[in-house]
Amino acid sequence: MSQPASVFWSPRIADLEPYVPGEQPRIADLVKLNTNEHPSAPSARVIAAITEAAREGLQRYPDPESTQLREAIARRHALQANQVFVGNGSDEVLSHAFLAFFQRDEPLLFPDVTYSFYRVWTQLHGIEATEVPVGEALQIDIEALAYRAAQGCAGVVIANPNAPTGQGLPLAVIERLLLACPPRVVLVDEAYVDFGAESAAALVDAHPNLLVVQTLSKSRALAGLRVGFALGQAPLIEALARIKNSFNSYPLDRLAQAGALAAIEDEAWFSAQCRAVIDTREGLTLQLEDLGFEVLPSQANFVFARHPQRDAAALAAALRERAVLVRHFRQPRIDQWLRISIGTRAQCSALVEAVQAILEG
Ligand SMILES: *Cc1c(COP(=O)(O)O)cnc(C)c1O
């Protein structure tokens, strides 16, 4: 229940509609497919590195620049360390980016169906926004975005693959957007890119207006550690550092820096686990289609599906009664869809069995 606005609040805070994360209930044996977490534990090398870091030096402040971590991320993406910014989850990085680049007289552009936190940051930072409708098949309308951007804008934000649809865009299309508004930043949120889409990191050196944001929460199984990063040319990274150093100059703690570094360096764990999620996703997609669902082609660690005969909210509620959590958004255009995270094979089977029972019941 939200409280009435307090007389003590700044007006902008009173008007905020904060982001609502997927629920994290404490129920045993829950099949939790509602927040796109990784189904496996992180790499053992991550746990070892965090344990080691906990033994030494917690009484001292961490490296404010996260130098080793930034160097490792830069190496992996064939960039320089001054082209990498790290923060407490990509949500923090994104919030800094909105403040750094999009507080202008013209509106920020993003699709109407996308990560719902974007709208919250525009409210928080007092940014005017124009939401550009996605197409009939819920795909991002790049032509409409590029057309609108060319008329003047504060910048463009897209998630690739998009949330919550899971659909990815090829790099040529991203490039089209980068060229549509060269004096403004195009932010590409790649939270799910490792599950089969193409990263725009390869375009950073050629495009001074590109900022790519990634997270270790999804593909590295580190949602609990809170590490995300941005890739861009040095002047963009410098802007983010200016905000960080005017807000919290030690954003990543010692444990997060150590764990994230080990995660970035464990390429073997990473590629095997991404492959496993993709394989499970393809299997689940076929099973859901067999049950009569329409499933959007996904390049993420979730699928977006609807059943032509069943109300999505009712289906989500019925699943919940069977201890299976999926995500339903009460939002125009997508309120008949369910977002289902890719769990382990056993969790996906449990979901399919529960859906089957509900459809037959
Ligand atoms: C999960 C997610 C994020 C946030 O990730 P954190 O790094 O955990 O803060 C950002 N953008 C999108 C599209 C996401 O789905």
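Laboratory data are not the source of any read-out in this text; all were calculated from the coordinates shown. Nothing here was measured: the structure is a model prediction, and the numbers come from that model. All Cβ positions, even for glycine, are placed from backbone atoms using ideal geometry, and neighbour counts span all protein chains on display.
Which FRET efficiency, nearest 0.05, do T130 and A28 yield, Cβ-Cβ r, R0 56 Å? E(calc), rounded to 0.05, equals 0.80. Working from Cα pairs under 8 Å separated by at least six residues, relative contact order for the chain is 23 percent.
In this structure the amide hydrogen of D189, modeled in the peptide plane, comes within under 5 Å of the amide hydrogens of I158, A159, N160, V213, none closer than 5 places in sequence on its chain. Sorting the segments 143-154, 293-304, 204-215 by their residues' average number of neighbouring beta-carbon atoms within 10 angstrom, most packed first, yields 293-304, 204-215, 143-154.
Taking a ≥ b ≥ c as the square roots of the eigenvalues of the alpha carbon gyration tensor, segment 285-335 is rounded, as a/c is under 1.5. Rounded to the nearest 0.05, the FRET efficiency derived from the C-beta distance between D205 and E360 at R0 = 56 Å is 0.50. Residue-wise HN-Hα couplings along segment 88-96, as the Karplus relation 6.51 cos²θ - 1.76 cosθ + 1.60 with θ = phi - 60° gives them from phi, are 6, x, 5, 4, 5, 4, 5, 4, 4 Hz; Gly and Pro carry x. Compared with the direct C-alpha span, the chain from L171 to S40 gains 44.2 nm at full extension, assuming 0.36 nm per residue. Compared with the direct C-alpha span, the chain from E52 to L286 gains 79.9 nm at full extension, assuming 0.36 nm per residue. Over the chain, dividing the summed -39,500 (n - 2.57) contributions of all DSSP H runs of at least 4 residues by the number of residues returns a 222 nm mean residue ellipticity of -12000 deg cm²/dmol. Once backbone amide H atoms are built at 1.01 Å from N, L108 has E128, A129, T130, A154 as its partners under 5 Å, excluding neighbours fewer than 5 places away on the same chain. Evaluate E = 1/(1 + (r/R0)^6) for Q309 and Y147, where r is the Cβ-Cβ distance and R0 equals 35 Å; express this FRET efficiency to the nearest 0.05. Rounded to the nearest 0.05, the efficiency is 0.40.
Of the peptides 21-29, 46-54, the ranking by mean beta-carbon count within 10 Å, highest at the top, reads 46-54, 21-29.
Annotation: peptides 73-80, 187-194, 242-249, ranked by per-residue average of other Cβ atoms within 10 Å with the highest first, follow the order 187-194, 73-80, 242-249.
In this label model, R75 and F8 are separated by 4.9 nm, measuring between points 7 Å along each Cα→Cβ vector.
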